[in-house]
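Participant: So that we are looking at the same thing, I have put the structure below in C-alpha cells.
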Amino acid sequence: MAEREKLSSRLGFILLSAGCAIGLGNVWRFPYITGKYGGAAFVLLYLLFLLLIGLPVMTMEFSIGRASRKNIVGAYYALEPKGTKWHIAGPFAYVGNYLLLMFYTTITGWLLYYFVKCLSGAFSGETESVVSGVFSSLMARPGLQIVFMAIALLLTATTVIGGLQKGVEKITKTMMMILFLMMIVLAIHACLLDGASNGLSFYLKPDFSKLVDSGIFNAIYAAMGQAFFTLSLGIGAMAIFGSYFSSERSLSGETVKIMVLDTSVALLSGLIIFPACFSYGVEAGSGPALLFLSLPEVFAQMAGGRFWGALFFLAMAFAALSTLIAVFENIVSFWIDVKGMKRDKAVALNFVLLFVLSIPCILGFNVLSSFQPLGPGSGVLDLEDFIVSNIILPLGSLVMVFFCTSKKGWGWNGFIAEADKGEGMKFPSWLRFYCKWILPLIIIFVCVSGIIEKFI
C-alpha cells in the first residue's frame, strides 16, 4: 500500500482548516446578527461561546483524525474499544459531507456568476429593480445555474485531483492569503466612504440595550449557534486535515489560530458590509438577500462599483471554494483509504455524483418550486441546509465529545495524549468535567433550539 499523503507545512494545515471553516456563514449571517444584538456587545458574547464550544470540539475532531491517520469513517474503527459500536457514527457524518456540497456548489456558482456580472459592468448605475431582477432571473434559469455550479465543481475537482500537497494545500493556501488581502482592501475602502461612520457605530459600538430588547435568551442562542456552526464541526472535515498533520505541534494552539482566522473574516465582513450599506442607504439584511440583492445595489451606486463589486464577489467565491475543496477532499479520502481507489478515479467518480446530486437544489427554485418542505417559501436548499446544520453537525459533534470523554469510547486520556503531542499550547485538563457533562448539554440545547425555531 502506498504511503499516506501528508501536508507539507504547519501553515498549510492552519490555512486549509481555516479555509474549511470560513464560509458563507461568516458573511451573510454574522454581520447581521452582530448588528441586531448590540454590535460589540454581541461579539464579546460570541467570542465567549467560540472558546466554550469551538475550542474543545475542534481540538477533539483534530485529535481523532491525527491519532487514527484516517478519515472519519475509518477513525472510529481505529480508535474505538473492541466490541463497541462508535463506528456507526462514521457513515452518518460522512453523508453530511455530500449533503453540504449538494447546496454549497449551487451557492458558489451564484457567486461566480455575480463576479462575472460585476466585472462586465452589468450593475453600474442601474436601478434597484434592475439589480434585484438579476437574481430573480438567475433563479428562473436552471440551465444557467447548472453551468456555474458545474464550473464551481470543476474548479474544486481540478484542485483535489492535483494531490494533497501540490493541489489542495498549494491552491488553498494561495486562495486564503489572497482572500485576506482582498477583504482588508475592501474593508479599508468601505470605512473611507462618506457616511461610513454611522455603519461602523451600528456594527461595533457596544449597545447592551439591544441585548435586552431582543431578549437575552435570543442573543445567547444566536451567539451559541454562530460559534458552533461557523467552524463546520461534526462531519469529519477537520478530522481529515488532522490525519494529514504532523505530531510536532500540539493541537489546541493550532485550533486557536484557526478560530482567530475564521473570526477575523467574519469581523472584516461586517467592516465591509455595514459602512457600505449605511453610506448608500441600503438595508443590510441576512442570508442570500444580503449578498445578491443589498450589496449589488450598493455597488451599482458606488464610484468604481464595477471594480469593487467584482473584487467582493471574487473574495466570496474564494471563501466558498475553500470550503468546497476541503469537504471534497474529505469525501475523496474515504474512497482512497477505505475503498483503495486511485485519487484520479475517486475525484472523477465524485465529480459526477455531486454534479447529479446538486441539481435538485437548483430545480428547487424553479421546476420544483412547489415543493416547500419546511413551510411556505422554503425549498430544497433550505431542507438540505437544515439537515446538515441542525441535525448532522450538532449530532456528529455530540458523538465526538462523548467519544473523547467516555471510558467506553476513546476516553479522556487518549484524547489528551494526542491533543498535547508536540510543542505548543496544551489542552486545559481541568476542563474534563465541563467537556464531559456541560458541553454535551450546550450542543443539545443548540440542536433542539434550532429545530424548535424552525417548526414552532
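Participant: Going through Gly96, Gly38 one at a time, which residue ends up being in contact with a Leu (Cβ under 8 Å, 6 or more places away or on another chain) and not in a helix (DSSP H, G or I)? Spell out the reasoning first.
Facilitator: On the way: Gly96 fails: not in a helix (DSSP H, G or I).
Just one listed residue meets the conditions, Gly38.
Participant: Would you check if Phe307 is at negative phi, of a type in the set (Phe, Trp, Tyr) and in contact with a helix residue (DSSP H, G or I) (Cβ under 6 Å, 6 or more places away or on another chain)? Walk me through it before giving the result.
Facilitator: On the way: at negative phi: yes; of a type in the set (Phe, Trp, Tyr): yes; in contact with a helix residue (DSSP H, G or I) (Cβ under 6 Å, 6 or more places away or on another chain): no.
Criteria not met by Phe307.
Participant: If Lys426 satisfies all but one of (1) surrounded by fewer than 17 Cβ atoms within 10 Å (Cβ to Cβ); (2) part of a helix (DSSP H, G or I), what's the number of the condition it fails?
Facilitator: It fails just one condition, (2).
Participant: If I filter segment 339-353 for residues that are in contact with a Ser or Thr (Cβ under 7 Å, 6 or more places away or on another chain), over 18 Å from Ile146 (Cα atoms) and not β-branched (Val, Ile, Thr), do I get at least one hit?
Facilitator: Step one: filter segment 339-353 for residues in contact with a Ser or Thr (Cβ under 7 Å, 6 or more places away or on another chain), giving none.
No, because not a single residue in segment 339-353 is in contact with a Ser or Thr (Cβ under 7 Å, 6 or more places away or on another chain), over 18 Å from Ile146 (Cα atoms) and not β-branched (Val, Ile, Thr).
Participant: Sort out which residues of segment 81-111 are touching a residue at least 60 places away in the same chain (Cβ under 8 Å), over 15 Å from Ile331 (Cα atoms) and in contact with a helix residue (DSSP H, G or I) (Cβ under 6 Å, 6 or more places away or on another chain), and write them in order of number.
Facilitator: Trp86, Ala89, Phe103, Thr106, Thr108, Leu111, listed by residue number.
Participant: Checking Met400 against (1) in contact (Cβ under 8 Å) with a residue 60 or more places away in the chain; (2) over 26 Å from the mean Cα position of the chain (by Cα), only one condition comes out false. Which one?
Facilitator: Every condition holds for Met400 apart from (2).
Participant: Quick one: count up the residues across segment 33-54 that are over 26 Å from Ser252 (Cβ atoms), out of contact with any Pro (no Cβ under 7 Å at 6 or more places or on another chain) and surrounded by fewer than 21 Cβ atoms within 10 Å (Cβ to Cβ).
Facilitator: Taking segment 33-54 as the starting set, the residues that turn out to be over 26 Å from Ser252 (Cβ atoms) are 33-41.
From what is left, the residues that are out of contact with any Pro (no Cβ under 7 Å at 6 or more places or on another chain) are 33-37.
Next cut, surrounded by fewer than 21 Cβ atoms within 10 Å (Cβ to Cβ) only: 33, 36.
Adding up the residues that qualify gives 2.
Participant: With among the polar types (S, T, N, Q) and modelled with pLDDT under 95 as the only criterion, which of Thr255, Thr230 stands out? Before you say what the answer is, go through the steps one by one.
Facilitator: Details: Thr255 fails: modelled with pLDDT under 95.
Going through Thr255, Thr230 in turn, just one is among the polar types (S, T, N, Q) and modelled with pLDDT under 95: Thr230.
Participant: Inside segment 277-297, can you point out the residues that are outside any helix (DSSP H, G or I) and not hydroxyl-bearing (Ser, Thr, Tyr)? Show your work before the answer.
Facilitator: Quick first cut of segment 277-297, residues outside any helix (DSSP H, G or I) only: 280-287.
Result: Gly281, Val282, Glu283, Ala284, Gly285, Gly287.
Participant: So, one more: Look through segment 217-276, keep the residues that are buried (at least 21 other Cβ atoms within 10 Å of the Cβ) and among the charged types (D, E, K, R), and return whichever of them is nearest to the chain's Cα centre (by Cα).
Facilitator: Asp262
Participant: Let me ask something else about it. Any residue that is under 27 Å from Asn218 (Cα atoms) and aliphatic (A, V, I, L, M) - is there at least one of those in segment 405-428? Explain how you work it out, then say what you get.
Facilitator: Taking segment 405-428 first, the residues under 27 Å from Asn218 (Cα atoms) are none.
No, that holds for no residue.
The values are calculated or read from the model by the stated rules, or taken from the named source; none is laboratory data. The structure presented is a predicted model; accordingly, all values stated were derived computationally and were not measured. Note that each Cβ is placed from the backbone with ideal geometry, even for glycine, and that neighbours are counted across all protein chains shown.
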